[in-house]
Amino acid sequence: MMEGQISMNRRIAPISRRSALRLAGVLVALTMVAAACGSDDGDDTDAEPDEPVATTEEAAPVTEVDLVQTEDDLLDAVIARGELKCGVSGSAVAFSETQPDGSQTGFDADYCRAVAAAIFGDADAVEFVPLTAAERFTAVQTGAVDVLMRNTTWTQGRDTEVGMDFGPTTYYDGQQLMARASDGFSGSSTVADIAGAVVCTNAGTTTEQNIADAAAAAGIEMRLDTFEDFDIVTTNFVQGACDVITTDGSALVGRKANQQPDGEEWVIFPPTPISKEPLGPTYGQNQSRFADVVNWTVYATIIADEKGIDSSNIDARLGDGSLDAEAIRMLGGEGELQTAMGLSADAFYSVISQVGNYDEIYSRHLNPVGLSREGSANAGWLDGGLIYAPPAR
Amino acid sequence: MDDAAGTRGTAAAGGAGPVGPVGPVGPVDPAVTDVAAAAAARARPPEETYRSAGEWIRKNLFSSRLNSLLTIAFGLLILFAARGLLNFVFSEERGWDAVRTNLRLIFTHAYPEEQYVRIWVCVGTLVVLTGLSLGLFAGRGEGVQLQKISTVMAGVGAAIALGVILREPSVLIGADGAVVRENDDVVRQSFFEAMADRWAWWLAAAVLIAAGVVLRRAVASSKVSISSVPAVEFAVALLALPVLSAWIYPWGHFAFVDGTFIAEPGRTVAMSTKVPWTVMWLLVVAAMALGRLMRRGFDEQQQQRMRIPLNLLWLASPFALYWVILRDPHLEWDRVLSVDIPMGVLFGVIGAGVLWMLTRPGVGELGRIIAIVLLGVAAFNWLAAFFGWYSMLQKARLSFLLLALVALAAHNFAGESIKRRRLVVAWLVLMAIVHYFATLMNAPSTVETPTEALIGGFAVTVIVAVFTIMLSFPLGVLLALARTSRLPIFRVMATSYIEVIRGVPLITILIFFAIILNLFLPVGMEISLIASATLGYTLFSAAYLAENVRGGLQSVRRGQFEASDAVGLSTTQRTVFVVLPQALRVSIPPLVGQMIATFKETSLLAIIGVFDVLRMANSVIPAQTQFLGIKREGLLFVSVVYWIFAYTLSKQSQRLERRLGVGER
């Protein structure tokens, strides 16, 4: 203890004024060095905010238009980044599947590629962000993704309250039911026919509410069993614990194609779904330049489908002069409409040649699981469906 | 079979005999028990009483009417469970192809195939470190009795035979690999047909049992001069079996290449699987041999000194492997030379200068004041980040903060120049490490994956678990010390932190960090999902660790404190050299329990959207068109993977406990 006290006494002896000044000088120099290093930041995560903030302050007094342009335009941000961050499910049959090598395939994944092809001319400039249903809207709000291609149903609440904007519907889904033909059901059965049956669905989704409403409307009684997820629902259906299962029609068709045992026939009914589930691209509010790009990418695939232009014949069709003025315009003939959107003139040429038209994308992923366009709402408007695009002019 | 009946000994006496774990269902044939008895006879003094197998069974399983009833009831229960499991696993309706094709997805998610050598470099590094550690330190005097090996061989053989009989005779696979079925309605074939069809299994069982018996006889008749083999070498040699089988046995080749599925059941596994694993096995053997050589060359003291660099390598390996090997950062040399290196050097040099002055013999209270001013500047820098007042590299903020913290501790090093020099050198090393890693972390990765995450699957489970455990341990110890501190401010802060964190479910914390944390960060600063989850998980785990350590702290007798005071140790010295070693030793069982829990609970990451191993099996694979709805197989596989790792951890902790003598004092 004695030693300690002695050393304490020694420490209390004051430092000379000169060395204190020198210390202070060193500290000031250090601060300045650090700040200087900070000012010419290239890619450091922390430095970027500075520039937009500064621009806003300068731009504010001039015009409001400028402010909107420079604030944080998503399209500019995406182009600067060089990659589209696209939110997908990663585990949705035929829409966005994760393959054994980690790649993403499916209808939704292809629309991500289409948007990337339009913006960068490269369909592979996509960073897929697999999201759960719970985190998808937060991901858009925090900027973790630019656009959602994630089986998101367009509803009033999500469009207004949640603060999303929706692009053109790419797939018209709707809730249907599936049962065994041996139980007396057929493709033309109605909700009234399931009276007394055990109906199963997955918990915590709107499907539960929809079937209850439909049953009430039809004036029938049924037993509704809910399970954790649809794999378990299907397993119970296969094992006979459920008479009828219900979810979106697209999912039911996939299940029927893959899990129907030999010697059994499953039927999907009623022909008109009991709910409307329009699925399409979803993005944050008030990003109209980016929204235009996404929307017109979807429209371009639909227009190309109408005109019979696909990835295999696009070069031939452009060469032999069989295209009309609208198609040539859209594929980059004059191209001023695309350049005015902030894209290159041949943006939609890249989309069609690298990803394909609507029918190609649809057939590539949804035909294998048994979903066909014919006679459904997803047929083109000329064939009596709802797939329709405004004119490109 | 019964020539060992004359051997004396009792397996049950120590409770550690090989018969113990066999239990009621196991192959309780006389050979097994006698072998065990013989093993026990060699290990124990000879005065123990003789008991035959029948006697052992009577005494332990059927000692009273109630016990007999319980034995039979639980025996049947286990038999039924085993039958169910076997029927599930070997049913031809199982989609094991889904698991086999998706192995890469399950273990590393989208890590690109052409960069896969990086994964193997990581595994190889860990394997070499393991081999070195084993060679240098493990297996001193630990041996596996040959009798025990023969027991296990015969036991496994008997278990296989039992399993073959137990399994439902519904599944017949023809020579061409197709399912043989007369009629879809009649699923069950005759019992004998099924048994005949399982000849390969019978053969395996017979070979194992015969080998076990032969070995046991050889040992019993003293034809073999050794009675045991070194445990570690034996375990490593055993690993050769699966590696060898990859070259010989047609496990099948299942893959997904360029958009097409490959399924070739009759082939051996792909070269890209068996070659690396063979290399891994050779590496562990070579590293272990090197370790053994070093052990022979060094004396006890030098060996103990070897622990320090080896442990440092272990500690550094997760950081180096993840940020350098797996991420393969792409450094822009212009920027590195113009910004990163000058900045690191400046911080190092100027910081060293500041510390040199602060440790001058006569600096006194002013040193503390300057340190506190520095701390204020550092804190202000962080505050500024949140409001975007001025721009500064994150590295600079961090370095400022570190300088302030080191400056606060500087007075401990004041005085003699050797102490001062040590502090300055430590500062320079710290700056080198911090700036090196900060530069690496900021550099973009050259590994291109189609998704946002660099790696997923089981790799992410391991990465998150390892970082969480490594980071939460020091934090937990600090919290425990703070909670038992005599200073109220530390005590109150630590207590409220621990109680708040322990009062909130882990999943809530994970969701908070995954979804909400990014909203709180300064504009433009992003934290990846895995990083934020690891952060949240570390904070959570630290609170629990702190309580475990506190339990250990409380077990340290008052006399130890008094004795430390009596010999004039400072509080720091007392804590570091007297109290903590004893407290941590006592806390090993709960600490390992916490580690295993941490490892397993990483599966909660699946809920917040991390593509970990559970999510792969639970939702990704069942959503592939090819394998739609195949979920149970993947879940079973994943459980087995988890079990292997958790069990290894548990076994290692038991070794550690034995080495440190926990439970003996």
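The values are calculated or read from the model by the stated rules, or taken from the named source; none is laboratory data. Note that the structure is predicted; figures quoted are calculated from it, not measured. We place every Cβ from the backbone using ideal geometry, glycine too, and count neighbours over all the protein chains shown. Calculation scope for accessible area: heavy atoms of the full protein, side chains included, ligands and nucleic acids excluded. Shrake-Rupley method; radii C 1.70, N 1.55, O 1.52, S 1.80 Å.
Residues that are open to solvent by 10 Å² or more (accessible area, probe 1.4 Å) and closer than 20 Å to A:Asn357 by Cβ are absent from the stretch A:81-91 altogether. Listed residues B:Val620, B:Val638, B:Val610; which is of a type in the set (A, V, I, L, M), touching a residue at least 24 places away in the same chain (Cβ under 8 Å), more than 12 Å from chain A (Cβ to nearest Cβ) and buried (at least 21 other Cβ atoms within 10 Å of the Cβ)? Result: B:Val638 is the single residue among B:Val620, B:Val638, B:Val610 that is of a type in the set (A, V, I, L, M), touching a residue at least 24 places away in the same chain (Cβ under 8 Å), more than 12 Å from chain A (Cβ to nearest Cβ) and buried (at least 21 other Cβ atoms within 10 Å of the Cβ).
Just one of (1) within 29 Å of the chain's Cα centre (by Cα); (2) free of Cβ contacts under 8 Å to residues at least 40 places away in the same chain fails for B:Met392. It is (1). Does any residue of the stretch B:251-267 turn out to be polar (S, T, N, Q) and within 14 Å of chain A (Cβ to nearest Cβ)? Yes - at least one qualifying residue is present in the stretch B:251-267. Quick one: is B:Arg558 open to solvent by 50 Å² or more (accessible area, probe 1.4 Å), more than 13 Å from chain A (Cβ to nearest Cβ) and without any contact (Cβ under 8 Å) to a residue 24 or more places away in the chain? Yes. Residue-level check: of (1) in contact with a helix residue (DSSP H, G or I) (Cβ under 6 Å, 6 or more places away or on another chain); (2) within 14 Å of chain A (Cβ to nearest Cβ), B:Thr468 misses just (2). Checking the structure you have, find out if any residue of the stretch B:486-506 is within 30 Å of B:Val620 (Cα to Cα), surrounded by fewer than 18 Cβ atoms within 10 Å (Cβ to Cβ) and without any contact (Cβ under 8 Å) to a residue 60 or more places away in the chain. The answer is yes, given that some residue of the stretch B:486-506 is within 30 Å of B:Val620 (Cα to Cα), surrounded by fewer than 18 Cβ atoms within 10 Å (Cβ to Cβ) and without any contact (Cβ under 8 Å) to a residue 60 or more places away in the chain. Quick one: would you say A:Asp229 is in contact (Cβ under 8 Å) with a residue 12 or more places away in the chain, touching an Asp or Glu at 6+ places or on another chain (Cβ under 6 Å) and under 27 Å from B:Gln626 (Cβ atoms)? No; evaluated as a whole, the condition is false for this residue. So A:Gly196 clears everything in (1) at positive phi; (2) touching a residue at least 60 places away in the same chain (Cβ under 8 Å); (3) open to solvent by 50 Å² or more (accessible area, probe 1.4 Å) except one condition, right? Which one? Of (1) at positive phi; (2) touching a residue at least 60 places away in the same chain (Cβ under 8 Å); (3) open to solvent by 50 Å² or more (accessible area, probe 1.4 Å), only one is false for A:Gly196: (2).
Would you confirm, using the coordinates I've provided, whether A:Pro273 is assigned to a strand (DSSP E or B) and either surrounded by fewer than 22 Cβ atoms within 10 Å (Cβ to Cβ) or outside the structural domain of A:Gly342 (by TED's automatic domain parsing) (or both)? For A:Pro273, the condition - assigned to a strand (DSSP E or B) and either surrounded by fewer than 22 Cβ atoms within 10 Å (Cβ to Cβ) or outside the structural domain of A:Gly342 (by TED's automatic domain parsing) (or both) - is not met.
When we screen A:Val191, A:Val253 for residues that are in contact (Cβ under 8 Å) with a residue 60 or more places away in the chain, over 25 Å from B:Val620 (Cβ atoms) and either within 13 Å of chain B (Cβ to nearest Cβ) or among the β-branched types (Val, Ile, Thr) (or both), the only hit is A:Val191. Just a yes or no: is a residue in the stretch B:510-527 among the aliphatic types (A, V, I, L, M) and at pLDDT 90 or above? So far as the stretch B:510-527 goes, yes, one or more of its residues are among the aliphatic types (A, V, I, L, M) and at pLDDT 90 or above. Residue check: is A:Val145 in contact with a strand residue (DSSP E or B) (Cβ under 6 Å, 6 or more places away or on another chain) and open to solvent by 10 Å² or more (accessible area, probe 1.4 Å)? Spelling it out, it is not the case that A:Val145 is in contact with a strand residue (DSSP E or B) (Cβ under 6 Å, 6 or more places away or on another chain) and open to solvent by 10 Å² or more (accessible area, probe 1.4 Å).
In the set A:Asp310, A:Asp305, only one residue is assigned to a loop (DSSP other than H, G, I, E, B), touching a residue at least 12 places away in the same chain (Cβ under 8 Å), open to solvent by less than 60 Å² (accessible area, probe 1.4 Å) and not aromatic (Phe, Trp, Tyr); that residue is A:Asp310.
Scanning the stretch A:125-140 for residues that are within 8 Å of chain B (Cβ to nearest Cβ) and either touching a helix residue (DSSP H, G or I) at 6+ places or on another chain (Cβ under 7 Å) or modelled with pLDDT of 85 or more (or both) turns up A:Val126, A:Glu127, A:Phe128, A:Val129, A:Pro130, A:Leu131, A:Glu135, A:Thr138. When the stretch B:66-95 is filtered for residues that are open to solvent by 60 Å² or more (accessible area, probe 1.4 Å) and in contact (Cβ under 8 Å) with a residue 60 or more places away in the chain, the ones remaining, listed by number, are B:Arg83, B:Phe90.
Being in the same structural domain as A:Gly143 (by TED's automatic domain parsing), out of contact with any Gly (no Cβ under 6 Å at 6 or more places or on another chain) and surrounded by fewer than 23 Cβ atoms within 10 Å (Cβ to Cβ): is that true of A:Ala125 here? Judged against the criteria, A:Ala125 is a match. With respect to the conditions (1) among the β-branched types (Val, Ile, Thr); (2) within 14 Å of another protein chain (Cβ to nearest Cβ); (3) open to solvent by 20 Å² or more (accessible area, probe 1.4 Å), A:Thr247 lacks only one, and its number is (3). Considering the stretch B:105-132, the residues that are open to solvent by 30 Å² or more (accessible area, probe 1.4 Å) and polar (S, T, N, Q) include one that is nearest to the other protein chains (Cβ to nearest Cβ), namely B:Gln115.
Of the listed requirements (1) more than 8 Å from chain A (Cβ to nearest Cβ); (2) of a type in the set (A, V, I, L, M, F, W, C); (3) free of Cβ contacts under 8 Å to residues at least 60 places away in the same chain, B:Leu326 misses just one: (3). Among the candidates B:Leu649, B:Leu604, B:Leu580, the residue that is touching a residue at least 60 places away in the same chain (Cβ under 8 Å), away from chain A (no Cβ under 14 Å) and open to solvent by less than 60 Å² (accessible area, probe 1.4 Å) is uniquely B:Leu580. Scanning the stretch B:361-407 for residues that are among the charged types (D, E, K, R) and under 16 Å from B:Met343 (Cα atoms), we see that the one that is surrounded by the most Cβ atoms within 10 Å (Cβ to Cβ) is B:Lys395.
In this structure, is B:Ile369 more than 11 Å from chain A (Cβ to nearest Cβ) and of a type in the set (A, V, I, L, M)? No; evaluated as a whole, the condition is false for this residue. Is it true that some residue in the stretch B:408-423 is touching a residue at least 60 places away in the same chain (Cβ under 8 Å), crowded, with 17+ Cβ neighbours inside 10 Å and assigned to a helix (DSSP H, G or I)? Yes, because at least one residue in the stretch B:408-423 is touching a residue at least 60 places away in the same chain (Cβ under 8 Å), crowded, with 17+ Cβ neighbours inside 10 Å and assigned to a helix (DSSP H, G or I). There is no residue in the stretch B:341-362 that is at the interface with chain A (Cβ under 8 Å from one of its Cβ atoms), part of a helix (DSSP H, G or I) and among the charged types (D, E, K, R).
Can you spot a residue in the stretch B:319-337 that is open to solvent by less than 50 Å² (accessible area, probe 1.4 Å), of a type outside the set (Val, Ile, Thr) and more than 30 Å from B:Tyr116 (Cα to Cα)? The answer is no, given that none of the residues of the stretch B:319-337 is open to solvent by less than 50 Å² (accessible area, probe 1.4 Å), of a type outside the set (Val, Ile, Thr) and more than 30 Å from B:Tyr116 (Cα to Cα). Only residues that are farther than 22 Å from B:Phe413 by Cα and either open to solvent by 90 Å² or more (accessible area, probe 1.4 Å) or modelled with pLDDT under 90 (or both) were counted across the stretch B:562-577, and they come to 1.
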